[in-house]
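**Student:** The structure that follows is given in the form of structure tokens.
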Amino acid sequence: HMRPVALKISNLSSPKMSSRSFPYVFLGGGNAAGYAASEFLKLQGKGSDLAIITDEPVVSYERPALSKAYLAPTSPARLPGFHSCVGGGGERQTPDWYDTNEITYLTNTKVVSVDINLKTLTTSTDDIISYEQGLIIGTGARSVTLSDLKTPGDGLKGVYYLRNVTTADTLVKAIESKPAHAVVIGGGYIGLECSAMLSVNGIKTTMVFPESRVMERLLTPELAEFYESFYESKNIDMIKGD
């Protein structure tokens, strides 16, 4: 479950002066950032016109790998192996790729507000970045937490979320400690993938989800029954409608 990332966008003018300026700025460091950079070069041809800003410590990567190969017990996926845009059959865009193409990629940089009149972005360290022609917002979504669902226990030890390589690394360490039992909240793609990888790691797993079947919005009852039976054969229990 994901929620859009909130960003304060204001029409109010600010007396601050910009410290850096680019014709185009892409705000966000998820999958979209890497693919946008590739397309920008094809259409624009001048990487120095583009800056990408993310609060993550690494450049864009194929996030779907986190719930599959990243959790594998043998030969797990690790960066730089799945940087964008390998998921779409394109070139693997490592930090050197952005440097070679003169694209400015600002990591560990959190934008807290945008002034659309002055065309400026303010970071958490009060640095100012301006865009001259266009701002592309691709901030994606954040994980829905237990607190968001008004469910107690969010601060307890052993509660994990999966959204980026940092949280994935935390989950990998938990898996390596060989817990006796894991509970996965969610019956969609990510819930199924995480449950499968936990099972592959030899951990007894139970899935809990409010729908009547897995991937209820996508699968027919017959298709869902096939997947549920297969998962149950792998010692993965399912608690539905809860």
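The values are calculated or read from the model by the stated rules, or taken from the named source; none is laboratory data. Keep in mind that this is a model prediction, so the values were computed, not measured. Neighbour counts are summed over all protein chains in view; Cβ atoms, including those assigned to glycine, are modelled from backbone coordinates with ideal geometry. Only protein heavy atoms, including side chains, enter the accessible area calculation; ligands, DNA and RNA are left aside. Shrake-Rupley method; radii C 1.70, N 1.55, O 1.52, S 1.80 Å.
**Student:** Can you check what the net charge comes to around Pro221, using other residues whose Cβ is under 13 Å from the Cβ of Pro221 (Lys, Arg +1; Asp, Glu -1)?
**Tutor:** -2
**Student:** Oh, and also: Please compute the modelled spin-label separation between Ala72 and Asn235, points set 7 Å along Cα→Cβ, answer in nm with one decimal.
**Tutor:** 2.2 nm
**Student:** While we're on this one: Using r as the Cβ-Cβ distance of His181 and Leu79, and R0 as 45 Å, what FRET efficiency do you calculate, to the nearest 0.05?
**Tutor:** Given R0 = 45 Å and the Cβ-Cβ separation, E is 0.90.
**Student:** I would also like to ask the following. Between beta-carbons, use under 12 Å as the cut-off and find the net charge around Ser38, counting Lys and Arg +1, Asp and Glu -1.
**Tutor:** Every neighbour counted, the sum reads 0.
**Student:** Next up: Here are several values of Rg and Dmax of the Cα atoms in Å: (i) 18.0, 58; (ii) 17.4, 51; (iii) 20.7, 64. Which one was derived from the coordinates shown?
**Tutor:** It is the one labelled (iii).
**Student:** Evaluate E = 1/(1 + (r/R0)^6) for Arg20 and Lys42, where r is the Cβ-Cβ distance and R0 equals 30 Å; express this FRET efficiency to the nearest 0.05. Write out the running numbers ahead of the final one.
**Tutor:** Details: r = 25 Å, r/R0 = 0.83.
Efficiency, rounded to the nearest 0.05: 0.75.
**Student:** Still on this structure, please answer the following. Counting only C-alpha contacts under 8 Å and six or more residues apart, can you give the relative contact order of segment 120-242 as a whole percent?
**Tutor:** 17 percent
**Student:** Just list whichever of Lys68/Lys150; Lys68/Lys240; Lys68/Lys157; Lys150/Lys173 have alpha carbons separated by over 25 Å in the model shown.
**Tutor:** Correct reply: Lys68/Lys150; Lys150/Lys173.
**Student:** Heavy atoms only, probe 1.4 Å: what % of the accessible area of the chain goes to carbon and sulfur, would you let me know?
**Tutor:** 55 percent
**Student:** Relative contact order of the chain, please, whole-number percent, based on alpha carbon pairs below 8 angstrom and at least 6 residues apart. The partial results should precede the final answer.
**Tutor:** On the way: 420 pairs, mean separation 52.1, N = 242.
Computed value for the chain: 22 percent relative contact order.
**Student:** For Ser147 and Phe226 in one chain, what is 0.36 nm times their gap in residues minus the Cα-Cα distance, to one decimal in nm?
**Tutor:** 25.1 nm
**Student:** Given the C-alpha centroids of segment 118-139 and segment 144-184, what is the distance between them in whole angstrom?
**Tutor:** The two parts, judged by their Cα centres, are 33 Å apart.
**Student:** Where does each of 75-88, 139-152 land if you order them by average Cβ count within 10 Å, highest first?
**Tutor:** Order by mean packing, descending: 75-88, 139-152.
**Student:** Could you tell me what percent of the DSSP beta bridges with both partners in the chain are antiparallel, to the nearest 5?
**Tutor:** Once the DSSP bridges in the chain are tallied, antiparallel ones form about 30 percent.
**Student:** Counting only helical runs of four or more DSSP H residues, what would the 222 nm mean residue ellipticity of the chain come to if each run contributes -39,500 (n - 2.57) and the total is spread over all its residues?
**Tutor:** After summing the helix terms and dividing by the residues of the chain, the value is -7000 deg cm²/dmol.
**Student:** Here's something else I'd like to know. Tell me the per residue accessible area of the chain using a 1.4 Å probe; a whole number in Å² is fine. If you can, show how the numbers build up before the last one.
**Tutor:** Values: 13410 Å² over 242 residues.
Value for the chain: 55 Å² per residue.
**Student:** ³J(HN,Hα) across segment 148-159 via Karplus (A = 6.51, B = -1.76, C = 1.60, θ = phi - 60°), whole Hz, x for Gly/Pro?
**Tutor:** 4, 8, 6, 10, x, x, 4, x, 6, 5, x, 9
**Student:** Using only alpha carbon pairs under 8 Å that are at least six residues apart, calculate the relative contact order of segment 25-115 and give it in whole percent.
**Tutor:** Across segment 25-115, relative contact order equals 36 percent.
**Student:** Please give every one of the lysines within straight-line cross-link reach of Lys110, meaning a C-alpha to C-alpha distance under 22 Å, and leave out same-chain neighbours fewer than 8 residues apart.
**Tutor:** Lys8, Lys16, Lys119
**Student:** Straight-line reach from Lys234: which aspartates and glutamates fall under 14 Å, measuring Cα to Cα and dropping same-chain residues less than 8 apart?
**Tutor:** Glu193
**Student:** What size of dipole, in debye to the nearest 20, comes out for the chain about its Cα centre when the only charges are +1 on Lys and Arg C-beta atoms and -1 on Asp and Glu C-beta atoms?
**Tutor:** 320 debye
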